[in-house]
Amino acid sequence: MLQASGATLAVAIGVGALVGPSQVAGRLFEFTLLRRVSPLKVARAATLGHPLGALLLWTFGAPVAAVFAVLHGLGAGILTIAKGTLPLAFFGASGYGARQGWIALPGRALQGLSPWLFGLALERWGVGALWLSAALGLAACAALFLLHLPRPAPATPPRPVPPAATEPESTP
């Protein structure tokens with residue numbers, strides 16, 4: 001894809017090497033600076049990493065390939081964390097593991113087909129295939145805007161404990 005945007009093979013390999021460290025940086029960023037931000041807001045922002053990078057790459061070509069890789073990696077890294085925190089924020093800890101398995105199932109099934117399908121898109125449309133992946137990222141962001149975290153129940157003051165009934169002392 002980077003070569004289709006005008007990058008040489010050497011540049012494409014070098015830029016591709018930026019994705020992994022950018023994912024780690026995104027996770028650290030989420031863990032430190034974004035830890036007090038709503039997981040839903042963080043996920044919404046993270047889904048825009050790839051589409052923004054794709055727009056830049058499609059518009060400006062190889063000179064911004066590194067920016068594309070970093071934005072893509074940051075978004076992907078943060079989304080890794082959001083996939084774990086969002087279900088917890090929506091549903092709570094009860095049954096978390098089973099719920100995570102069911103939520104992840106469709107994505108894992110499609111993940112195996114993704115390289116092949118994107119390869120077909122690249123073959124047919126070249127760098128224009130980025131519009132497909134960018135559109136999917138925008139659709140994910142739109143879906144997240146349709147969701148709203150449940151409001152926490154208002155804190156109720158503890159009920160006063162009635163004084164224990166006193167029994168008359170018995171005399172021996």
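The values are calculated or read from the model by the stated rules, or taken from the named source; none is laboratory data. Please read these numbers as outputs of a predicted model, since none were measured by experiment. Here Cβ is always computed from backbone atoms with ideal geometry, including for glycine, and neighbour counts include all displayed protein chains.
A few notes on this one:
- Single condition Arg27 does not satisfy, out of (1) part of a helix (DSSP H, G or I); (2) over 30 Å from Leu122 (Cα atoms): (2)
- Qualifying residue in the stretch 36-47 (condition: touching a residue at least 40 places away in the same chain (Cβ under 8 Å), more than 18 Å from Leu149 (Cα to Cα) and not acidic (Asp, Glu)): no
- Filtering the stretch 116-137 to residues that are exposed (fewer than 15 other Cβ atoms within 10 Å of the Cβ), within 17 Å of His50 (Cβ to Cβ) and modelled with pLDDT under 90 leaves only Gly128.
- The number of residues in the stretch 58-78 being in contact with a helix residue (DSSP H, G or I) (Cβ under 7 Å, 6 or more places away or on another chain) and either modelled with pLDDT under 95 or of a type in the set (Val, Ile, Thr) (or both) comes to 6.
- Checked against the criteria, Val70 counts as crowded, with 17+ Cβ neighbours inside 10 Å and out of contact with any His (no Cβ under 6 Å at 6 or more places or on another chain).
- Flag for Ala45 being assigned to a helix (DSSP H, G or I), closer than 17 Å to Gly137 by Cα, in contact with a Ser or Thr (Cβ under 9 Å, 6 or more places away or on another chain) and small (Gly, Ala, Ser): no
- Taking the listed residues Gln100, Gln111, the one that is among the polar types (S, T, N, Q) and surrounded by fewer than 11 Cβ atoms within 10 Å (Cβ to Cβ) is Gln111, with no other qualifying.
- The set of residues in the stretch 46-64 being more than 22 Å from the chain's Cα centre (by Cα) and not β-branched (Val, Ile, Thr) consists of Trp58, Phe60, Gly61, Ala62, Pro63.
- Residue within the stretch 69-87 that is in contact (Cβ under 8 Å) with a residue 40 or more places away in the chain, farther than 21 Å from Gly14 by Cα, out of contact with any Phe, Trp or Tyr (no Cβ under 9 Å at 6 or more places or on another chain) and not in a helix (DSSP H, G or I) present: no
Conditions tested, residue by residue: (1) among the charged types (D, E, K, R); (2) at pLDDT 95 or above; (3) surrounded by 15 or more Cβ atoms within 10 Å (Cβ to Cβ); (4) more than 22 Å from Gly128 (Cβ to Cβ).
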{"position": "Met1", "(1), (2), (3), (4)": "no, no, yes, no"}
{"position": "Gly14", "(1), (2), (3), (4)": "no, yes, yes, yes"}
{"position": "Ala46", "(1), (2), (3), (4)": "no, yes, yes, yes"}
{"position": "Pro87", "(1), (2), (3), (4)": "no, no, yes, yes"}
{"position": "Phe91", "(1), (2), (3), (4)": "no, no, no, yes"}
